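Please treat every number below as a calculation from the coordinates, not as lab data. All values derive from a computational prediction rather than experimental measurement. Ideal geometry is used to build each Cβ from the backbone, glycine not excepted, and the neighbour counts take in all protein chains shown.
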Amino acid sequence: MRASLLRKFYPIIFVTIVVFISVTLLTFTESITRAKLESLQEQQTLDMLKEIFPDMSFYILEDDIYIIYANRTEIGYAFLAVGNGWGGEMDILVGLEDEETIKGIIVVSHNETLGWGSEVAESPFTDQFIGLKIDDVALKGRGGQVDGITRATISCEAVVDAVRITALEKVKSLR
Amino acid sequence: MSRFLKEFTKGIVISNPVFILVLGLCPSLAVTTSLDNALGMSAGLAFVLLASNIIVSAIRKSVPDIVRIPTFIVIIATLVTVVNLAFQAYVPALHKSLGIYLPLIAVNCIILSRVEAFASKSPLVYSIADALGISVGFALALLVISFFREALGTGSLSVFGASLFTLPVLGEQPIVIFMLAPGAFLVIGLLLALFRRMGVIKSE
């Protein structure tokens, strides 16, 4: 009785053991790499903030807003804005000089078409944001000061809208 | 020993996974935009294939037939996740440029078919030989394809930052289509035709 019952359940027991071993191995691997991954992430954030704020000495993260310091003085803020581009979500790091002016932006990740919408992630498009007032962050055809890219309207609008809307939101929460 | 060599060399030419078995074409097309990617992908596949073959061959007598495929898939997927985490932590630039094709090794036909058709029925030593041979064959195929795609599509070749050479005319005006999907198909198709003409691939 016991033997035939065991034989019936053996496949299930076998797979369960295999899955158990697999999960153990994965948990172990993940815990080893987690520390390295976190430090890589931090380094990446630091590099990007340094690109926007060359004078930065350190930053503090408070409620999703990076407060940038040069020695003891606050020189600006930064935050992540998420836009809806042609190919999906775009992550944009926005730096603010003060509550009205943008210091610069970096498109961290995007899924736009190579050679077309992808140009919103590069100069000269991103250079336009340097020193721009938040209220002017809109395409020229819509009352703003940003020159769009002819065959990439959706990508441009995604960036522009994300930057403006998130900037206004964050500035409100700063006050 | 000679059987070991035979199984090993089989994977390189006679049963080359890309040009003969024509398996795993999707990642081969997507990942051959540069030599670095080709090497990275080959390394990932080699690790997963070797480890899967070893494990499956070792437990092949104890696996109940009904749960054969689920067991293999769990093993392969676990190994791919380990490779993915490792790449993400230790070679992040390569990981980013391989994108989703690294995790997609889990459903790469090459792995499942070698595990199912060979490792589950063969002794450990020959399973290792087969895995090594197929991995080398895959790597060579990918390297050849990406050699042409990168050279024609960007006008220069570089391996992990070290620039190898820049072509005179193409350096200024590269043929960008080779970096995109149609170019990949063109290169693979032409290489297949070339190998067939040379007699490396026999007609059936």
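Note on region B:14-49: among residues that are among the hydroxyl-bearing types (Ser, Thr, Tyr) and within 15 Å of B:Arg149 (Cα to Cα), the one that is nearest to the chain's Cα centre (by Cα) is B:Ser28.
This table checks each residue for (1) within 14 Å of chain A (Cβ to nearest Cβ); (2) surrounded by fewer than 18 Cβ atoms within 10 Å (Cβ to Cβ); (3) not hydroxyl-bearing (Ser, Thr, Tyr).
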residue	(1), (2), (3)
B:Leu85	yes, no, yes
B:Ala93	yes, yes, yes
B:Ile100	yes, yes, yes
B:Val107	no, yes, yes
B:Ile110	no, no, yes
B:Lys121	no, yes, yes
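Filtering region B:48-76 to residues that are facing chain A (nearest Cβ under 8 Å) and closer than 15 Å to A:Leu25 by Cβ leaves B:Thr71, B:Val74, B:Ile75.
Meeting the requirement of 1 or more residues that are surrounded by fewer than 12 Cβ atoms within 10 Å (Cβ to Cβ) and away from every other protein chain (no Cβ under 14 Å), the strands (runs of 3 or more DSSP E) wholly within region A:1-115 are A:58-62, A:73-85. Of the residues making up region A:1-48, those that are of a type in the set (A, V, I, L, M) and under 30 Å from A:Ile65 (Cα atoms) number 6.
Taken together, B:Ser97, B:Ser158, B:Ser120 contain a single residue that is within 25 Å of B:Ile12 (Cβ to Cβ), in contact (Cβ under 8 Å) with a residue 40 or more places away in the chain and of a type in the set (Ser, Thr, Tyr), which is B:Ser120. For first residues located in region B:1-30 and free of Cβ contacts under 8 Å to residues at least 40 places away in the same chain, partners that are part of a loop (DSSP other than H, G, I, E, B) and lie 6+ apart or on another chain with Cβ distances below 7 Å form the pairs B:Ile14/B:Ile20. Check region B:41-61 and report whether any residue there is in a helix (DSSP H, G or I), under 18 Å from B:Ala184 (Cα atoms), out of contact with any Pro (no Cβ under 7 Å at 6 or more places or on another chain) and not basic (Lys, Arg). Within region B:41-61, one or more residues are in a helix (DSSP H, G or I), under 18 Å from B:Ala184 (Cα atoms), out of contact with any Pro (no Cβ under 7 Å at 6 or more places or on another chain) and not basic (Lys, Arg). B:Ile73 versus (1) part of a helix (DSSP H, G or I); (2) among the β-branched types (Val, Ile, Thr); (3) over 14 Å from B:Asn108 (Cα atoms): which is the lone unmet condition? With respect to (1) part of a helix (DSSP H, G or I); (2) among the β-branched types (Val, Ile, Thr); (3) over 14 Å from B:Asn108 (Cα atoms), B:Ile73 is out only on (3). Before we move on, is A:Ala167 more than 14 Å from chain B (Cβ to nearest Cβ) and buried (at least 18 other Cβ atoms within 10 Å of the Cβ)? When the stated conditions are applied, A:Ala167 passes them. The number of residues in region B:19-72 being hydroxyl-bearing (Ser, Thr, Tyr) and more than 27 Å from B:Ala193 (Cα to Cα) comes to 4.
Scanning region B:64-78 for residues that are crowded, with 18+ Cβ neighbours inside 10 Å, touching a Leu at 6+ places or on another chain (Cβ under 9 Å) and of a type outside the set (Phe, Trp, Tyr), we see that the one that is farthest from B:Asn53 (Cα to Cα) is B:Thr78.
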